[in-house]
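Participant: Below are the structure tokens for one structure; questions will follow.
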Amino acid sequence: MDTSELNFFVNEIGPELGMASTDIRLIAASILNALFGLIGILSVIFIIYGGFVWMTAGGNQELVKKAQRTLQAGLIGIIIVLSSYSLAKFALDAVLRTTGTIY
């Protein structure tokens, strides 16, 4: 099956059969972007929570240590999200560029 037959099948016949007309690579990219965004938001929430606990600790060293651990976890989460996002974006862009898909 050559490319023109495949494009005809996906674009013309596929929707009638209930197939998605969106490319699976674009769906994967959208899912990854949403996942990275969610994890990033959770990391920021951890940082805000850690700062709140630290500010309301009132000199209690146990609460200060808990807040510091929470802030560290949030910062590590942000670092992991940013590095994995950049790696995944690079890989997806390379795949989409070589396959000729516009993203």
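The numbers here are math on the coordinates, done by the rules we state, and not lab data. Because the structure is predicted, anything quoted here is derived from the model rather than measured. Cβ coordinates were reconstructed from backbone atoms using ideal geometry, including for glycine residues, and neighbour counts include every protein chain displayed.
Participant: Only residues of region 65-96 count here: report those whose backbone N is under 20 Å from the spot 7 Å along Cα→Cβ of Met55, or say none.
Facilitator: Residues 65-75 fall inside that zone.
Participant: Quick check: residue separation of Ser84 and Arg25 times 0.36 nm, minus the Cα distance between them. What number comes out in nm? The partial results should precede the final answer.
Facilitator: Details: separation 59, 0.36 × 59 = 21.24 nm, distance 1.77 nm.
Value of the extension gain: 19.5 nm.
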